[in-house]
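What follows draws every value from the coordinates through simple rules; no lab data is involved. Predicted model, so just to flag it, every value in this text is computed and none were measured. Neighbour counts are summed over all protein chains in view; Cβ atoms, including those assigned to glycine, are modelled from backbone coordinates with ideal geometry.
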Amino acid sequence: MNLSGTIHSSLSEASNDKITEASQDLILVERVKRGQIGAFDLLVKKYRERLFAVVYNLTSNREEAADLTQDAFIKAFRSINKFKAKSAFFTWLYKIAVNTTLNHLKKNKLRRFFSFEKMNEEGYSSEILEKVTTYTKADKAVLLNELQEKLNEALQSLSIKHRTIVVLHEIEGLSHKEIGEIVGCGEGTVRSRLHYAKQQLQSKLSQYIN
C-alpha cells in the first residue's frame, strides 16, 4: 500500500469537503445577518456535537460542557455581524468555544480529561494509537482501559495551551493553520507545541507504547 499516496488523497478530499462546507456556512451566516434567525439554528445543529466534543475533552464534565457549548453559540450569535469571513466559520466558532472553555478552566481550575477511545473512534491517526494495534483484542481492551487513566494523568501534566492543540489536532483533525487561527499563534508554533506535547506524552507512556 502506498501510504503517502493514500494520505495525500485523503487530505485532498478532506480539503475539498471543507471548502464546500465553508461555502455553505457563509450562505447561512449571510442569512442570519439579514435577520433570518432560523439559519443560525441550522449552524447550531451542524456543529453542536463537534463543538461539544471539543469542550467535553477539555472539561471532563458533560453538564458543564453542555453549558459552555451553549454559551459559545450564544456568543457567536451575538457577534455574528463581526464575522468577516477571513477564516472559515467553524474556525471562528471553535475559537469562541475554546476561549470560552479555557477562561472557564482558568477560573475554576477544573480537572482536565482526554478520551483515548474518542481518538480511536474518530479514526485520527496518532503515534500512540499506531503502537497498540499489534495487541490481541482482549489484551488491547485491557491496555486501553489502563492507558486511558495514564493518558489522562499525562495530559494533566501538560500546560493547557499544549493540551488544547493535542485535542484539536488528534480529535478534531484540524490542520496546523486552522489550529493557529483558533488559538491565536502561527503554524510553526502549533507544530512546535504539538511536537513537544507528543514527546512528553510518549515519555510518560513509554511503558505502554514501546
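Sorted by packing (mean other beta-carbon atoms within 10 Å per residue), highest first, where do 30-37, 94-101, 46-53 land?
For the peptides 30-37, 94-101, 46-53, the packing ranking is 94-101, 46-53, 30-37.
Label Glu49 and Gln70 with points 7 Å out from Cα along Cα→Cβ: what is the distance between them in nm?
Distance between label points: 2.1 nm.
For each of Asp67, Asp25, count neighbouring Cβ atoms within 10 Å of the residue's Cβ, then give the residues from fewest to most.
Numbers: Asp67 15, Asp25 21.
Ascending Cβ contact count within 10 Å gives the list Asp67, Asp25.
Residue by residue through the stretch 65-76, what is 3J(HN,Hα) from phi via Karplus (6.51 cos²θ - 1.76 cosθ + 1.60, θ = phi - 60°)? Round to whole Hz and write x for glycine and proline.
The phi angles translate into 5, 5, 5, 5, 5, 5, 4, 5, 5, 5, 5, 5 Hz.
Give me a comma-separated list of calculated 3J(HN,Hα) values for the stretch 53-63, in order, Karplus coefficients 6.51, -1.76, 1.60 applied at θ = phi - 60°, integers in Hz, x for any Gly or Pro.
In residue order, the calculated couplings are 4, 5, 5, 4, 6, 9, 10, 6, 9, 5, 5 Hz.
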